[in-house]
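Worksheet for the structure shown next.
The values are calculated or read from the model by the stated rules, or taken from the named source; none is laboratory data. Just so we're clear, the structure is a prediction, and the values are computed from it rather than from any experiment. Neighbour counts are summed over all protein chains in view; Cβ atoms, including those assigned to glycine, are modelled from backbone coordinates with ideal geometry. We work out accessible area using only protein heavy atoms, side chains counted, and drop any ligands, DNA or RNA first. Shrake-Rupley method; radii C 1.70, N 1.55, O 1.52, S 1.80 Å.
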Amino acid sequence: NILDTDKNKKILDVGSGCSFFPFYLSKLGFKVSCSDLLDLKYFFNGSNINFYQDDITKTNIKDEFDVIYSVSVFEHIPDKVKAIENIYKMLKKGGKLILTMDCDFNLNIDDMVPNYGELARTVGIIDSKFTKKSIYDLRRGEDLITSELFFAKDKWRLPWKNQNAKGLKGKIKSLLRLNSISELPTIAVFVGVWEK
């Protein structure tokens with residue numbers, strides 16, 4: 001959804017952190033800007049990536065963008081409504097919003113990851129302001145990439161699931177037992193694409 005965009009279009013990564021992805025897009029020729037609560041100017045120093053130290057819920061960014069994306073950040077934003085409103089204002093007409101959001105199916109065992117209801121509410125707010133460009137159905141498991149799906153296909157991805165693990169797997173399992181955690185949350189990753 002980004003790669004088919006004209007290279008002259010402007011892209012904003014909301015909550016970029018210290019990720020390789022903006023550098024990858026920049027190397028492909030896209031005009032990339034990043035924003036984060038942390039002051040990461042030093043991280044982007046020497047690159048042609050523009051950086052804003054900014055809070056998307058009360059942004060000072062005046063530029064408009066053709067694509068705004070956010071990878072597994074939205075679940076950590078307390079005021080999602082304000083963030084969505086500000087993204088809407090910063091996105092050019094016909095521009096794309098690409099968003100991933102993590103979801104905890106175990107009813108908030110992990111306070112940092114929202115439960116399914118919060119994911120559905122957030123997607124509903126976005127759907128009311130933007131035109132949905134990707135087909136998804138939050139009732140269907142195939143549209144949600146879960147840790148259980150990874151475990152079914154590639155057991156090595158979730159070493160704590162092996163009860164008799166040795167080496168690194170055994171250490172992880174022991175650590176979980178020490179902390180009285182029998183299972184880690186079942187996490188799903190939602191991916192959506194919208195257009196203004």
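Largest first and in whole Å, the equivalent-ellipsoid semi-axes of segment 1-138 read 25, 18, 14, each the square root of five times a Cα gyration tensor eigenvalue. Among the chymotrypsin sites (Phe, Trp or Tyr not before Pro) found in segment 1-90, those both in a DSSP coil and sparsely packed, with 15 or fewer other Cβ atoms within 10 Å of their Cβ, are F20.
Here N60 and L28 are evaluated by their C-beta separation; at R0 = 22 Å the FRET efficiency comes out at 0.20.
Sparsely packed loop sites in segment 1-110 (the trypsin sites (Lys or Arg not before Pro) outside DSSP H, G, I, E and B with at most 15 other Cβ atoms within 10 Å) comprise K7, K9, K62. Entry comment: accessible area of segment 1-88 is 53 Å² per residue, from protein heavy atoms only and a probe of 1.4 Å.
Residues with beta-carbon under 10 Å from that of T122, excluding T122: net charge, scoring Lys, Arg +1 and Asp, Glu -1?
Its environment carries a net charge of -1.
Dipole magnitude of segment 29-81 about its Cα centre, charges +1 at Lys/Arg Cβ and -1 at Asp/Glu Cβ only, in debye to the nearest 20? Roughly 100 debye, rounded to the nearest 20. Under a point spin-label approximation (7 Å from Cα along Cα-to-Cβ), what is the Y42-K89 distance to one decimal in nm? Going by the 7 Å Cα→Cβ label model, 3.2 nm. Over segment 1-82, all Cα pairs binned in 10 Å intervals from 0 give whole-percent P(r) values of 17, 54, 27, 2, listed from short to long. Annotation for S128 and K9: the two label points, set 7 Å from Cα along the Cα-Cβ direction, are 2.7 nm apart.
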